[in-house]
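I'd like to ask some things about the structure below.
Coordinate-derived values only; no laboratory data. Since the model is a prediction, treat every value here as computed from it, not as a measurement. When we count neighbours, we look across all protein chains shown, and the Cβ atoms used for this are built from the backbone with ideal geometry, even at glycine.
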Amino acid sequence: MAVMKKVYHSDPSHGWLAVKLDDLKMLGIEADISSFSYIKGKTAYLEEDCDMPKFIKAAKLKNITVEVKEGAVRDRSPIRSFRAYS
């Protein structure tokens, strides 16, 4: 089984999983991500309650395990100022 290593970023009220846009395309879910997630450059920051589970489920269906590493926890994540995923 293949493994994808991803970083989970959070602040006191929310969290996001950082994934490459190419990973979303490869899994065929780039059109299924909500505007509650964010995007900057070639990285999407998937909202923890809705989009992160979609990503993990889609990976599992392709026999890919997602290993999640905790990133820095901040008072207010800069991810909140990125543009909404669309």
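Which ones in segment 20-43 are outside any helix (DSSP H, G or I) and closer than 11 Å to Y85 by Cβ?
Just the residues of segment 20-43 that are outside any helix (DSSP H, G or I), to begin with: 20, 28-29, 33-43.
Scanning segment 20-43 gives I33, S34, S35, F36, S37, Y38, I39, K40, T43.
Something else now. Against the definition (in contact with a helix residue (DSSP H, G or I) (Cβ under 6 Å, 6 or more places away or on another chain), surrounded by 13 or more Cβ atoms within 10 Å (Cβ to Cβ) and among the aromatic types (F, W, Y)), how does Y45 come out, yes or no? Explain how you work it out, then say what you get.
Numbers: in contact with a helix residue (DSSP H, G or I) (Cβ under 6 Å, 6 or more places away or on another chain): yes; surrounded by 13 or more Cβ atoms within 10 Å (Cβ to Cβ): yes; among the aromatic types (F, W, Y): yes.
It is true that Y45 is in contact with a helix residue (DSSP H, G or I) (Cβ under 6 Å, 6 or more places away or on another chain), surrounded by 13 or more Cβ atoms within 10 Å (Cβ to Cβ) and among the aromatic types (F, W, Y).
Take the conditions exposed (fewer than 12 other Cβ atoms within 10 Å of the Cβ), in contact with a Leu (Cβ under 6 Å, 6 or more places away or on another chain) and of a type in the set (K, R) and apply them to K6. Does it pass?
Numbers: exposed (fewer than 12 other Cβ atoms within 10 Å of the Cβ): no; in contact with a Leu (Cβ under 6 Å, 6 or more places away or on another chain): yes; of a type in the set (K, R): yes.
Criteria not met by K6.
What number of residues within segment 62-86 satisfy the criterion of being of a type outside the set (S, T, Y) and either closer than 17 Å to A31 by Cα or part of a strand (DSSP E or B) (or both)?
Applying the first criterion (of a type outside the set (S, T, Y)) to segment 62-86 yields 62-64, 66-76, 78-80, 82-84.
Then keep just the ones that are either closer than 17 Å to A31 by Cα or part of a strand (DSSP E or B) (or both); that gives 64, 66-73, 83-84.
Count: 11.
Next question. Which one is nearest to S13 (Cα to Cα), of the residues in segment 55-82 that are surrounded by 13 or more Cβ atoms within 10 Å (Cβ to Cβ), touching a residue at least 60 places away in the same chain (Cβ under 8 Å) and small (G, A, S)?
S77
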